[in-house]
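Colleague: Let me give you the structure first, and then I'll get to my questions.
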Amino acid sequence: MYGLINIAIRDLVKSKFSEQQWDQIFKQSGATDAAFIRMCPGDDATTYALVGAASDVLGLPASEILQAFGEYWTEFTADEGYGPLLDAAGSTLPEFLQNLDQLHTRVGMMYPDLKPPSFVCSEIAEGSLMLHYKSGRDGLDDLVIGLLRGLGRRFKIDVKIEQVSSKEDTGLESVFHVNWS
């Protein structure tokens, strides 16, 4: 994952917890300063180690850390200058979700080694849809749940997410039933 992801994890911990707790997480994770170079691709293991260390230091399950990070990511990326790119992806939640793969294609022009997940929407109805999530990375379903909550805030709507299936169960994808009002 790119350094930008690790920077966002650091900023989340510092803003919601403390600088001292971040220092502990950084040390325990074994990460180096090189993992925080914004445009530099890094080893996924470093990011997973940061999440694991955050779970230990903060006394929270990794699932909570990932969900909090997903929520934070939607605000963080907009604040980091990607707001216009996010705006171009859609003016409503369903439009945005249907354009996620195209958004990742555009981001890939700036981050050539990007290995984004894929999102496909199905069963699109008034106020709900099924979101199919495929990734070469394991264990990030909670991150998707957090992202969906963060997008709900972005679009000023109440979002309810029910995980219907998991890649760990199906071997292919995770599926989320997304409702909004």
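Colleague: Hey, what D do you get for the range 3-60 in µm²/s if you plug the Kirkwood alpha-carbon radius into Stokes-Einstein at 10 °C and 1.306 mPa s?
Modeller: For these conditions, the coefficient is 143 µm²/s.
Colleague: Something else about it: For the range 1-42, which trypsin sites (Lys or Arg not before Pro) are in a loop by DSSP, counting at most 16 other Cβ atoms within 10 Å?
Modeller: 38
Colleague: Quick one: which residues, 5 or more positions from residue 164 or on another chain, have an amide H under 5 Å from its amide H? H modelled 1.01 Å from N in the peptide plane, none for Pro or chain starts.
Modeller: 175, 176, 177
Colleague: Quick one: order 164, 57 by neighbouring beta-carbon count within 10 Å, fewest to most.
Modeller: Ordered from fewest to most neighbouring Cβ atoms within 10 Å, 164, 57 come out as 164, 57.
Colleague: For 7, 145, which order do you get if you count the other beta carbons within 10 Å of each Cβ and list the fewest first?
Modeller: The fewest-first ordering by Cβ neighbours comes to 7, 145.
Colleague: With axes computed from alpha carbons, what is the tilt in degrees of helix 100-110 against the longest principal axis of the chain, rounded to the nearest 10 within 0 to 90?
Modeller: With both axes taken from Cα atoms, the answer is about 40 degrees.
Colleague: Moving on. Mind checking which of 84, 15, 164 is farthest towards the positive end of the chain's charge dipole, using Cβ charges of +1 (Lys, Arg) and -1 (Asp, Glu) about the Cα centre?
Modeller: 84
Colleague: Once Rh is set to the Kirkwood radius over Cα pairs, what Stokes-Einstein translational diffusion coefficient, in µm²/s, holds for the range 84-180 at a temperature of 25 °C and a viscosity of 0.890 mPa s?
Modeller: Approximately 178 µm²/s, per Stokes-Einstein.
Colleague: Another question, if that's okay. Dividing the Cα convex hull volume of the chain by residue count, how many Å³ per residue is that?
Modeller: Dividing the Cα hull volume of the chain by its residue count gives 113 Å³.
Colleague: Angle between the Cα long axis of helix 3-16 and the longest principal axis of the chain, 0 to 90 degrees, nearest 10?
Modeller: Its long axis makes an angle of about 80 degrees.
Colleague: Just rank 5, 37, fewest to most, by other beta-carbon atoms within 10 angstrom.
Modeller: Fewest-to-most ranking of 5, 37: 37, 5.
The numbers here are math on the coordinates, done by the rules we state, and not lab data. From a predicted model like this one, the values you see are computed outputs, not experimental measurements. In this analysis, Cβ positions are derived from the backbone assuming ideal geometry, glycine residues included, and neighbour counts consider all displayed protein chains.
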